[in-house]
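Structure, as structure tokens:
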Amino acid sequence: MLTLNAPVHASHPDLPMTFSRRRTRPVVVGNVTIGGEHPVVVQSMINEDTLDVAGSVRAIQRLHRIGCEIVRVTVPSLAHAHALADIRQKLQQQYLDVPLVADVHHNGMKIALEVAKHVHKVRINPGLYVFEKPKDNRTEYTQAEFDEIAAKIQATLAPLVISLREQGKAMRIGVNHGSLSERMLFTYGDTPEGMVESALEFIRICESLDFRNIVISLKASRVSVMLAANRLMVKRMDELGMNYPLHLGVTEAGDGEYGRIKSTTGIGTLLAEGIGDTIRVSLTEAPEKEIPVCYSILQALGLRRTMVEYVACPSCGRTLFNLEEVLHKVRSATSHLTGLNIAVMGCIVNGPGEMADADYGYVGKTPGSISLYRGKAEIKRVPEQEGVAELIKLIKSDGRWVEPQV
Ligand code: SF4
């Protein structure tokens, strides 16, 4: 259906209908598991000041109630790390033990060690965890300098790794394109390879301490860089016999329609290649706005089912009713029936054939009348103004209707 008056209804039998997910090791984060056979996990981050314990508890609950399964909280100081003890305790008392991730920043060893006692997972950024201020006049990075910092990273990371290992908690090694260390930039350039090597250096330290409860992320604000880095990470992990789950996201995606499109392009492309075990859509909007986008990406790819799946034609010269208005009415009446596929199609010429595997169809028949379908079978023809009510009756008669919760 490409043009208004010359609909095209081509099918592509050669395209695969399904894709298989990359096999990853399961990583437990509180009562949620990332990777393995588990569904792709949705996460987000509150933007309250962590020192505001009551406000943070409210924000975490708000996010969790709408489907955010893991919530991240920023921890820029030791005081913030201590506040997380209170936040966790209040959540347990007043609500649920929501899986929490602490985001640790520059030179964060002491903070990470403290906060590891209170949360389920600690996220560190390899570019910042041992932060060396870039030198303005540097022209090279010698192997000796490289190794000296590597030793410092090993010494600084080890206590955190041991603490997380002993508590059965998890770590995210979260590389950001924009904050690669100077040492990685000199050695590998500002490239996906630099991002991957940065993650691998930290993974090797974890493995040397027999710690494998690790999730990896390689984020960038440019979708092409994020895609290349994740694909290269998978290739390198395959070569090295590693199977850590990946957390996907496009950083600084912005807001509005373009922010959503950018995030969907990056996250959705990788998921469609079978890559990715948990996702975060980062929008410059309230974090609550991120969750529906995550679920839409997952539902569109058939990875999670949290909504009714609507199939609707774009309308054209053959359309026999106001499609936008009817789709809106059908959606308002049925959007709580999670799991159903409902099609709204403008005409019988191509509508029934294009409804794919919809459970029910609402199809324009003649001017003023529509036909209701169950699967591919036409059930009855009714006047257009009774269409939505008759559709509900049909779903009820099949025992598939539930009353909407008020
Ligand atoms: S009205 Fe019919 S031909 Fe036109 S887009 Fe819809 S289904 Fe296709």
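The values are calculated or read from the model by the stated rules, or taken from the named source; none is laboratory data. Quick caveat: nothing in here was measured; it's all calculated off a predicted structure. Here the Cβ positions follow ideal geometry from the backbone for every residue, glycine too, while neighbour counts run over all protein chains shown.
Before moving on, here are some points about what is shown:
- Being within 15 Å of the ligand (Cβ to nearest atom) and buried (at least 16 other Cβ atoms within 10 Å of the Cβ) holds for only one residue in Leu327, Leu337, Leu303, and it is Leu327.
- Looking only at the stretch 296-332, residues that are part of a loop (DSSP other than H, G, I, E, B), of a type in the set (S, T, N, Q) and touching a helix residue (DSSP H, G or I) at 6+ places or on another chain (Cβ under 9 Å) come to 2 in all.
- Set Cys347, Cys294: member being buried (at least 17 other Cβ atoms within 10 Å of the Cβ) and within 16 Å of the ligand (Cβ to nearest atom): Cys347
- Taken over the stretch 312-324, the criterion of being more than 10 Å from the ligand (Cβ to nearest atom) and not polar (S, T, N, Q) is satisfied by Glu324 alone.
- Scanning the stretch 363-376 turns up no residue that is in contact with a Gly (Cβ under 7 Å, 6 or more places away or on another chain), without any contact (Cβ under 8 Å) to a residue 40 or more places away in the chain, assigned to a helix (DSSP H, G or I) and within 13 Å of the ligand (Cβ to nearest atom).
- So Leu63, is it in the same structural domain as Tyr244 (by TED's automatic domain parsing), at pLDDT 95 or above, of a type outside the set (D, E, K, R) and surrounded by fewer than 23 Cβ atoms within 10 Å (Cβ to Cβ): no
- Yes/no for Glu403 being modelled with pLDDT under 95, under 32 Å from the mean Cα position of the chain (by Cα), away from the ligand (no atom under 16 Å from the Cβ) and surrounded by 16 or more Cβ atoms within 10 Å (Cβ to Cβ): no
- All conditions in (1) in contact (Cβ under 8 Å) with a residue 40 or more places away in the chain; (2) touching a helix residue (DSSP H, G or I) at 6+ places or on another chain (Cβ under 8 Å); (3) within 16 Å of the ligand (Cβ to nearest atom) hold for Gly353, with the sole exception of (2).
- So Ala358, is it closer than 26 Å to Gly317 by Cα, aliphatic (A, V, I, L, M) and out of contact with any strand residue (DSSP E or B) (no Cβ under 9 Å at 6 or more places or on another chain): no
- Within the stretch 205-228, tally of residues that are farther than 16 Å from Leu180 by Cα and of a type in the set (A, V, I, L, M, F, W, C): 8
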